[in-house]
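Working notes, structure below.
Read the figures in this text as sums done on the coordinates, not as results from a lab. What you are looking at is a predicted structure, and each value in this text was computed from that prediction instead of being measured. Quick reminder, even Gly has a Cβ in these numbers, built from the backbone with ideal geometry, and neighbours come from all protein chains shown.
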Amino acid sequence: MKEFSLLRILKVPTYFAAWFRAIISVALLYKLFSKDYSILGYLNSNLVNVYNYETLPSLYINDLGIFSRLLTFHWIHFLIPLPNQTFMFIFQILLIGLLMISLVSSRRLLSVLIFVMSSYLFGFLWRTGNDVDAIEMQLQLLLLLAFYKGNIGWRAYFDRELSEDSAWLFKFCILVIVI
Amino acid sequence: MSEGKTHQWYTYTIRLVKGLHLVLAFLFIYQCFQRTNPSSVLISTNILLIALAAMALYNRFFWLRNALIALTFISHQFDVLPLNGRLLFSIFALQFLTYPRVVWFKTNLKIPQRYMFISVFFLVGAFFTRIIPGMYFPPFYQGIAGWELEVGSDLVPKEFTIYSLRMSDGEKFSDPVPLFFLTPINFYDRFISQISRKNHLDEGMAFFFQVYSYKYESLKKGNFFGKYFLNSYGYPRHMHSESFQKIPGDFIEPNKVKEAHLFYETYDINGKLLRTSKIFAINVRTNERI
């Protein structure tokens, strides 16, 4: 029996995906232009093993730290040492540059790179026991873009053609924002 | 990929997600037993029921793409979100949105009616949780359930205590360096208490001094963030109560600083310093405890 899915029915204009990406990128750019993340380069390995579940064990689901490390791509520091301040400064500038290019580029690799780099950068906040700084929803939306199959170049901002890929993005966008 | 192989991957994905559900259910049971407050146990049980319902209803194919996203949704929330219904609802709603043929949808409803059903469900839920005080039904919340405090005049705090970092050149102390200068590390109090518990406060103080040296020029000008970044137009700091530690202040140049001291300082409500107690101090040249 053929499986019924709403995904195969709903269609959304392509420009939704383009403007969706633009909004996420601008929001992230604003955040990255506001704060100097390079000071995280001064942290040593003893100072980046402070997790929220240790501070408030009754409120947070028990995480052994390994989940955070795996999913923020901090597992790389099992192999190489933590970065220094200069690296972090360049990293932040690079991320800003990539976000700016991504506003008009249709490369999917760029979206993947932005997701990985943002997760890594904000992963330091997870690992120093901080509040997430309202980044969790934006990361989830970036992840959607990383998995997005359609082509969103600069022309897509004005493309009214209905597409299933946009519909997929639209649904998950609702999922992230409503929940 | 051939049809047989695709089917095999679907099967693996289903097993993975089902396993995940089981792990989550066990985690919630564990949390329920850990709690001492009866009302919170009640809340957890409610969530547990939903977890079990989601598990029972889960018998449909899950696209690999969706499964990966579900996994990341969950794991991003592992360390970050308090224990509430959002976690499970994210799993529940994922299939809810993509495959609506769960039990109560197994009817002859047409597609627009299904959309209407979903909309009405959310509207009614949201409406009742708004109007009934203290009503709590995941995924609908009105603030934090059960957190209510009646404040009378005798309960308004007269004084408060905060962490304070002061530099010293061996003779005098500087003005307190506002710990907001550590931004983007926003919950510095949590950070300090944890590294203190793990006996890494000396390294923490060395870190504070490094950041102080790096940001000295911008701190002197009254800017927390650094000279290349938006100042007061920037994204706001995720902290409060900064009115008593102002910048620009009387700070000591980093090359003249000999010691860094961390205090508990108690202020009255008008910002007058009442008491000071020392927590920790290091010699910034040798990074040794004084």
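Per-structure values
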item: Extended-chain gain in nm, criterion 0.36 nm per residue less alpha-carbon gap, B:N231 and B:E159; result: 22.9 nm
item: Local electrostatic count, A:G153, Cβ distance below 10 Å [Lys/Arg +1, Asp/Glu -1]; result: +1
item: Residue among A:W168, A:W126, A:W75 with the largest mean-square fluctuation in a Gaussian network model of chain A, springs linking Cα atoms under 10 Å; result: A:W75
item: Inter-label distance for A:I66 and A:L162, nm, one decimal - labels placed 7 Å from Cα along Cα-to-Cβ; result: 4.8
item: Chain A: equivalent-ellipsoid semi-axes (sqrt of 5 x gyration tensor eigenvalues, Cα, Å); result: 33, 21, 13
item: Estimated FRET transfer efficiency (B:D250, A:H77; beta-carbon r; R0 35 Å; 0.05); result: 0.35
item: For B:195-208, mean number of other protein chain Cβ atoms within 10 Å; result: 3
item: Other protein chain Cβ atoms within 10 Å, averaged over every residue that makes up B:178-187; result: 6
item: Test item: B:282-290 mean partner chain Cβ contacts at 10 Å; result: 0
item: Peptides ranked, highest mean first, by Cβ atoms within 10 Å: ranges A:141-147, A:152-158; result: A:141-147, A:152-158
item: Cα gyration tensor, region B:162-232 - rounded (a/c under 1.5), prolate or oblate; result: oblate
item: Inter-label distance, nm, simple model (7 Å from Cα along the C-beta direction), A:A134/B:K258; result: 4.5
